[in-house]
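Below: the structure, in structure tokens.
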Amino acid sequence: MSDPGLRGGRDGAGSSIGQNARVSLSRHDASTRRFRPPTGSFRYRRPIDVRFADTDAMGHVNNAVYLTYMELARAGYYREVTGSTFGIGAQTHDRSFILADARVTYASPVLFGEHLVCECRVGWTSRSSFSMDYRLSVEEPSGQVRLAAYGETIQVMYDYAAGRVMPLPADLLAILEAYESDGRTVEEAAPVSAAD
């Protein structure tokens, strides 16, 4: 091996991966990369009934369940915007996408019986992918709204028959932009992604 920091194999010395490596992050560096809650308005809102089965031994909603809540909102959003479900039936060839990335940040626990709302919207689009922003909030009996979690997913358009990434259809992009045209424009971005 060419890297002197990587040893092992025949000499019996084992591997020293990471022993000489140093990572230095200042407080400022770490905070600028932190994922922040989305701001602004969300047109689509999905009420969520928090089931007892969604909770864990600590009595609050299990962290993995938030991805299911986001999936419910994503599916509902797509149906409201396009009038159909995504990626099934006759339109599978030009309306299928795969989930390429998901991120959730937890802000406060959610308990069985609380009234949760998952808001979602398209954050940005690129040649073959788009992001969705999520904000999950608890509506307290007092009328106050408490942030529970927020997240982002990246969807990549995918042609299952050809087994490859495909461009975001122009008509789908137009539909998404028309739906989100409440004064907020969908940012056109080219995220760093292996899919694009």
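The values are calculated or read from the model by the stated rules, or taken from the named source; none is laboratory data. Quantities reported herein were computed from a predicted structural model and do not represent experimental measurements. Don't worry about glycine lacking a Cβ; one is built from the backbone with ideal geometry, like all the others, and counts go over all protein chains shown.
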Discussion item. Considering only the range 121-144, I want to know if a residue exists there that is assigned to a strand (DSSP E or B), among the acidic types (Asp, Glu) and at pLDDT below 95.
Written reply: yes
Whether any residue in the range 157-173 is of a type in the set (Lys, Arg) and modelled with pLDDT under 95 is what I want to check.
yes
Checking Ser137, Ser128, Ser108 in turn, the sole residue that is of a type in the set (S, T, N, Q), farther than 22 Å from Thr55 by Cβ and within 21 Å of the chain's Cα centre (by Cα) turns out to be Ser128
